[in-house]
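Participant: This is the structure, below, for whatever I ask next.
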Amino acid sequence: MPKTLKNAAVAASSSWTDPDGVRLPAGEVHAWERGTNQTVCGLPLHRSALGRFSHVTWADVQPATGRDADEVARVCPRCAAGMGARRDERPWTRVNPRP
């Protein structure tokens, strides 16, 4: 059985600074386990030029519910699956289903 992560931090392709002066992730975000040099999906942080955001949790960068997701363009689907996202979670709902 694979190991599940509960407190993953974030690694991102770029960053931005909010009005309070806090550096936050932007661009493409990946889940990152503190103490390792790779993301949950297996990308090496240094070779992929990903910045570490140890003060931001994975839940905070989810576009649907996260508070730090203002500049997030894409969430890595492999990292999302590794963190427990389900494949059948759809961002849309059928308005007028066929009979």
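Values in this text are rule-based calculations from the coordinates and carry no lab data. Predicted model only: the values in this text are computed from it and were never measured. Because the Cβ atoms are built from the backbone with ideal geometry, glycine has one as well, and the counts that use them run over all protein chains shown.
Participant: Just need the relative contact order of the chain here, percent rounded to a whole number, with Cα pairs under 8 Å and 6+ apart.
Facilitator: Computed over the chain, the figure is 29 percent.
Participant: I need the shape label for the chain. Rule: rounded when a/c is under 1.5, else prolate if a/b > b/c, else oblate, with a, b, c from the alpha carbon gyration tensor.
Facilitator: Cα axes put the chain in the oblate bin.
Participant: Let me ask you something else. Please compute the modelled spin-label separation between residue 65 and residue 7, points set 7 Å along Cα→Cβ, answer in nm with one decimal.
Facilitator: In this crude spin-label approximation the distance works out to 1.9 nm.
Participant: Given Cβ point charges of +1 (Lys, Arg) and -1 (Asp, Glu) and nothing else, what value in debye, to the nearest 20, does the dipole of the chain about its Cα centre take?
Facilitator: Around 540 debye, computed over the chain.
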